[in-house]
Amino acid sequence: MTADLKAVLAGARVLPVLTVPDPATAGPLADALAAGGARCAEVTFRTPDAEQVLKAMAAHGGLAVGAGTVLTPEQAERAVAAGAAFVVSPGYDEDVVARCRELGVPVVPGVATATELMRALRAGLDTVKLFPAEPLGGLRTLRALAAPFPGMRFVPTGGIDASRLPSYLADPAVLAVGGSWLATPAHLEGGEYAEIRRLTAEAVERSAP
Ligand code: 3PG
């Protein structure tokens, strides 16, 4: 029985989406996120050392760390081997979904259309990522897409920042909001861990009920 993302997030409503070029920054990054009150993180497979970063961040202990930008079943296998607590894709790929379910890891595929939502539903999923949320039309689009799928929960991601966070989280169809604004490659390159901590604390505060 595969745990679902809701169980893994355990009430956390802000999901930092991370692209980490240098694995040496994984430890201080995890410290800064956790100090800001984050309880989860998504390490994107967009850099050569993403598995190493994922392992290091998971070892921190304070964060449920998943893998993002997982495009193939092979990447899903590598993500799980590195300790991913969940797997996120930008789009809907049946083979990625099937492999994650065989591996027993929660999978959150990206959707942008009702057709993709129907596929997710037929695969037995109850949580999807709405991507890219803001360019798709933001909350208005989310509400319209969610209406025919009352049991489905969404993790909108893409173009969202602290100012838009509360309105997304106020929608009952939204499980959590993802975003890269909390910790960008530029922050990491500049060693701006205090700023990462500040942005995380601000987001966590704005996500409180
Ligand atoms: C993702 O992969 O989820 C997105 O790149 C995050 O979107 P954002 O950078 O606009 O927050």
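The values are calculated or read from the model by the stated rules, or taken from the named source; none is laboratory data. Remember, predicted model here, so these are calculated numbers, not experimental data. Quick reminder, even Gly has a Cβ in these numbers, built from the backbone with ideal geometry, and neighbours come from all protein chains shown. For the accessible areas, the whole protein counts, side chains as well, though only heavy atoms, and no ligand, DNA or RNA atoms are used. Shrake-Rupley method; radii C 1.70, N 1.55, O 1.52, S 1.80 Å.
Provide ASP126, ASP95, ASP171 ordered by accessible surface of protein heavy atoms (probe 1.4 Å), highest first. Intermediate results must be reported in sequence, preceding the final value.
Details: ASP126 70, ASP95 100, ASP171 20 Å².
The residues order as ASP95, ASP126, ASP171, largest area first.
Local charge sum around GLY83 (other residues, Cβ-Cβ under 15 Å, Lys/Arg +1, Asp/Glu -1)?
On the way: positive: LYS55, ARG78; negative: GLU42, ASP49, GLU51, GLU77.
Overall, the nearby charge balance is -2.
Suppose a student asked you for the relative contact order of the chain, using Cα pairs under 8 Å spaced at least 6 residues apart; what percent would you report?
On the way: 419 pairs, mean separation 49.1, N = 209.
Worked out over the chain, it gives 23 percent.
What does the charge count around ALA50 come to, taking other residues whose C-beta lies under 14 Å from its C-beta (Lys +1, Arg +1, Asp -1, Glu -1)? Write out the running numbers ahead of the final one.
Numbers: positive: ARG46, LYS55, ARG78; negative: ASP22, GLU42, ASP49, GLU51, GLU74, GLU77.
Result for the neighbourhood of ALA50: -3.
Keeping every protein chain in place, order VAL107, VAL204 by accessible area at 1.4 Å, biggest value first, i.e. largest first. Could you put the intermediate results ahead of the total?
Numbers: VAL107 15, VAL204 50 Å².
Sorted descending by solvent-accessible area, the residues read VAL204, VAL107.
Using +1 at the Cβ of each Lys and Arg and -1 at the Cβ of each Asp and Glu in the chain, identify which of ALA12, LEU29, ALA59 lies farthest towards the dipole's positive end.
Projecting each Cα onto the dipole axis, the largest value belongs to ALA12.
Within the accessible area of region 22-138, what % is carbon and sulfur when the probe is 1.4 Å and the other protein chains stay in place?
Working: 2380 of 4650 Å².
Solvent-exposed carbon and sulfur of region 22-138 make up 51 percent of the total.
Going toward the positive end of the dipole of the chain, with +1 on Lys and Arg Cβ and -1 on Asp and Glu Cβ, which of THR44, VAL96, GLY190 do you reach last?
So the residue furthest toward the plus end is VAL96.
At 1.4 Å probe size, with every protein chain present, just tell me what the per residue accessible area of the chain comes to in Å².
Accessible area per residue, the chain: 43 Å².
Tell me, what is the FRET efficiency for GLU202 and ARG46 to the nearest 0.05, using R0 = 22 angstrom and their Cβ-Cβ distance as r?
Values: r = 25 Å, r/R0 = 1.13.
The computed FRET efficiency comes out at 0.30.
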